[in-house]
2 protein chains.
Amino acid sequence: MAIVKNEKITSRDVDFAQWYTDIIKQAHLAHYSSVKGCLVIEPYAYAIWENMQTVLDKMFKETGHENLYMPMFIPESLLKKESEHVEGFAPEVAWVTYGGKNQLEEKLCVRPTSETLFCDYYSDVVGSYRDLPKLYNQWCSVVRWEKSTRPFLRSREFLWQEGHTVHETAKEAEEETFRMLNIYKKFFEEYLAIPVLVGKKTEKEKFAGAEYTLSLEALMYDGVSLQSATSHYFGQKFSKPFDVKFVDRENKLQYVYQTSWGCSTRMIGGLIMVHGDDNGLVLPPKIAPKQVVIATIRNNENVLKVASELESKLKALGMRVIVDTSDKSAGFKFAEYEMKGVPIRIEVGPRDIENGQVIIARRDTGAKEIVKIDEVESIITKLLDDIQANLYNRALEHTKERTYTCTTLDEVKEIMQTKPGFVKAMWCGDPECEAKMKEIRGTKSRCIPFEEEHISDHCIVCGRKAKHMVYWGIQY
Amino acid sequence: MAIVKNEKITSRDVDFAQWYTDIIKQAHLAHYSSVKGCLVIEPYAYAIWENMQTVLDKMFKETGHENLYMPMFIPESLLKKESEHVEGFAPEVAWVTYGGKNQLEEKLCVRPTSETLFCDYYSDVVGSYRDLPKLYNQWCSVVRWEKSTRPFLRSREFLWQEGHTVHETAKEAEEETFRMLNIYKKFFEEYLAIPVLVGKKTEKEKFAGAEYTLSLEALMYDGVSLQSATSHYFGQKFSKPFDVKFVDRENKLQYVYQTSWGCSTRMIGGLIMVHGDDNGLVLPPKIAPKQVVIATIRNNENVLKVASELESKLKALGMRVIVDTSDKSAGFKFAEYEMKGVPIRIEVGPRDIENGQVIIARRDTGAKEIVKIDEVESIITKLLDDIQANLYNRALEHTKERTYTCTTLDEVKEIMQTKPGFVKAMWCGDPECEAKMKEIRGTKSRCIPFEEEHISDHCIVCGRKAKHMVYWGIQY
């Protein structure tokens, strides 16, 4: 059955940017504050973030990582120790210059990322190979003085986790870099129901100060791609300037090998733009703050009794359930929980329950089904799995449809101007060619996949000998 | 049986401040960073904080509160809207004046607390009595530009939670203020095993901008008191300048009634100073990152097998268990986990297990017991409860011993200079008398209890008619 169009949101096929803004507002996800460029993350979005945190944090801890907390300030001299890093970040940091009424002797930036602080700490606490590896992570907020603001995608402050590890050998550190990439991949696919491309960033697009950067790239409904998480291998690029040394097994002084990896509240933006539709959010059951809403229609004693019994039964199965017995109209209630993307709605009304029945509606397809009350538990259990799988498959199908193979720039232009997506094309390795590609609606290299296809022998831009197959796309 | 004194820490009876510093360092709780006045909260201390968060967050959510996230910056104009508030906080905030290379049009302070931001938000999202109450909380870091640093007790940045609620009526808001005080009290007593005094702060000691402040005060081992959490009633003191209005049930515009309440990583300092001893931390089982350590002695196949079986069994009971099968000496291992305050140690050695036995040592008393391997589960289960109760009772006993009733300043002087603690004494209500009391080693009013005793008719300082019985003490 078709869902009736919600009037409060612009259709996503008409104006995707406005649709996104409408959903942020109508589902109460984020609120523009008096602080320019910063947003309030409202309770419903924060509950999604908490669910993300719970799953990821467990995955991190199961792989031996521990959490800690670093200061939010970085003295200018510390930020400057690694030259590429400071070049990359200094133009976009916020500077604290006064404490109370006193000017500071050295200005402090609010962390845009904490490599420098972790290095400073590791240089104090790592002495021997017996102290290695250190596998630490922190959940915190970071600040980057962006010019434009888009809720969850770009703002001056955002929440994230940043893992920072130090190792005895390059091999071990590189394994960690890939391990974390795979943890993110599993998280995106199995929990967020978002298919991702994984691969290596080009030199131009890698993290400031890294040997190399691995990333996860996801395709939104509008065909624009979102860099969704990154995992960096630093080698000894930070440990040398920061003097993070250890005595190795041969009693020699060595510099540690290092990684960092992170993901942020940007993932909430990804969830919205991959799964959402013209009636609002559509949330994967595994990450939804509420998985089932029980909405009563024309309350009477029996209706309330059935609703309450169903609530207890589903909660006993570990499901996250909300019951709405308010006197709002059925239509109003339905639209509200559709807007919030609650995966399943159970409608409990007086006539149905006389027949021992309720109506179950799924958010992803809008399909409704009349079911026997005593079958609700088993049906919902199965349905939550079905919805989770369906959202993933639907997004995968969309990504496949929007993944193109190109050999000429005209093809790329045509695609990016009409129905953008991921473009597979060959590249010679020259940043000049990346710059030319960017002229096409800002198309950038997304990543070089670990298994490259051979599309042609020639760079799509300059025609010289190709070195890599690259995924290209417009980005958020 | 007595525990052998750990050589790495100063005795707490010889030099309490040094003892505290030694524990912070030896148990790897906090690390001085390159950022003056800021500390790294190391993984072991952070794990304690996570346990505190988990318990408190559940208590908050069970009473209807939701988490959200506010920006970390406050524009100067917003901070200035409530006059008492800005007077209290402006001298100790960090100011951001530059974003990248550009000077900001208006400087921003890093939040020292977020009343102003919540008010700003509430003024946008509250319109009608139907929107009330809003019961929001956030976990975040805050910054106060302190001059001195003491890990967990005083630092320029610390972690905390801050609840901010708005209500339709004064009665409802006042109930919330007391509800949260009682949640903290339950948390301190039942989880941290720390007895607390609760009461109202004097005008001089209340939060800048509050109608009144309720607080929890705990007595440390050295007799110095620690303000451990606070719950403020604001009435309409913030809602008026911030224009947080709603249409009431009679269709009239009213200002909301407001509260805020918070507790911080300072609680970790409290845990250390209430329960710790000359061998390190002593942690209450309910909050300890690891509740049981299984330490093997002279490993052989059987020893490892028994250790592993015990681990599985205890974990299956939901206990947090760590196994140390390293080849470090028994003495070294024991000292390490004593330092970390792990409540119970199980020693698994070859000779004992031949007799089907292991040794169980409790951290709080140092008592050791030989027990049958098949009784370990039931004994540990009971022992964890015993230790939790014993720590609370021991701290309560100590607080009682150090709680005095005084009628003259000479008595107060004698006590504060020899064996400080809480002093109960009468007060006329004049801040001048509080100022005079402060001349005695910085003695301050802690709180006015909800049930005051009648000690005398006269203020202990000036002899005029007494208004209140006050608890006084030296503070951290």
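Values for this structure:
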read-out: Any strands (runs of 3 or more DSSP E) falling wholly within the range A:373-459 and containing at least 3 residues that are among the aliphatic types (A, V, I, L, M) and over 22 Å from A:Lys286 (Cα atoms); value: A:422-427
read-out: In the range A:325-344, the residues that are more than 18 Å from A:Tyr44 (Cβ to Cβ) and in a helix (DSSP H, G or I); value: A:Ala330, A:Gly331
read-out: Filter result for B:Lys58 (modelled with pLDDT under 95 and of a type in the set (D, E, K, R)); value: no
read-out: Elements of type strands (runs of 3 or more DSSP E) contained in the range A:93-203, each with 2 or more residues being facing another protein chain (nearest Cβ under 10 Å); value: A:94-99, A:102-110, A:134-143, A:157-167
read-out: Residues satisfying the stated conditions in the range B:351-382, i.e. in contact (Cβ under 8 Å) with a residue 40 or more places away in the chain, crowded, with 19+ Cβ neighbours inside 10 Å and touching a Lys or Arg at 6+ places or on another chain (Cβ under 8 Å); value: B:Arg363, B:Asp364, B:Val376
read-out: Residues satisfying the stated conditions in the range A:432-456, i.e. hydroxyl-bearing (Ser, Thr, Tyr) and within 21 Å of the chain's Cα centre (by Cα); value: A:Thr443, A:Ser445
read-out: Candidates A:Lys25, A:Lys58 - the one that is within 23 Å of the chain's Cα centre (by Cα), basic (Lys, Arg) and more than 24 Å from A:Arg156 (Cα to Cα); value: A:Lys58
read-out: Among (1) touching an Asp or Glu at 6+ places or on another chain (Cβ under 9 Å); (2) outside any loop (DSSP other than H, G, I, E, B); (3) surrounded by fewer than 20 Cβ atoms within 10 Å (Cβ to Cβ), the one test that B:Lys315 misses; value: (1)
read-out: Listing of helices (runs of 4 or more DSSP H) fully contained in the range B:1-91 that carry 3 or more residues being among the aliphatic types (A, V, I, L, M); value: B:16-26, B:43-62
read-out: B:Glu82 being over 15 Å from B:Trp139 (Cβ atoms), surrounded by 17 or more Cβ atoms within 10 Å (Cβ to Cβ) and within 10 Å of chain A (Cβ to nearest Cβ); value: no
read-out: Residues being in contact with a helix residue (DSSP H, G or I) (Cβ under 6 Å, 6 or more places away or on another chain) and more than 25 Å from B:Ile287 (Cβ to Cβ) - total across the range B:336-357; value: 4
read-out: When residues of the range B:19-44 are limited to those that are away from chain A (no Cβ under 11 Å) and polar (S, T, N, Q), the one surrounded by the most Cβ atoms within 10 Å (Cβ to Cβ); value: B:Gln26
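The values are calculated or read from the model by the stated rules, or taken from the named source; none is laboratory data. Computed from a predicted model, the values in this text were never measured in an experiment. For neighbour counting, all protein chains shown are included, and Cβ atoms are generated from backbone atoms with ideal geometry for every residue, glycine included.
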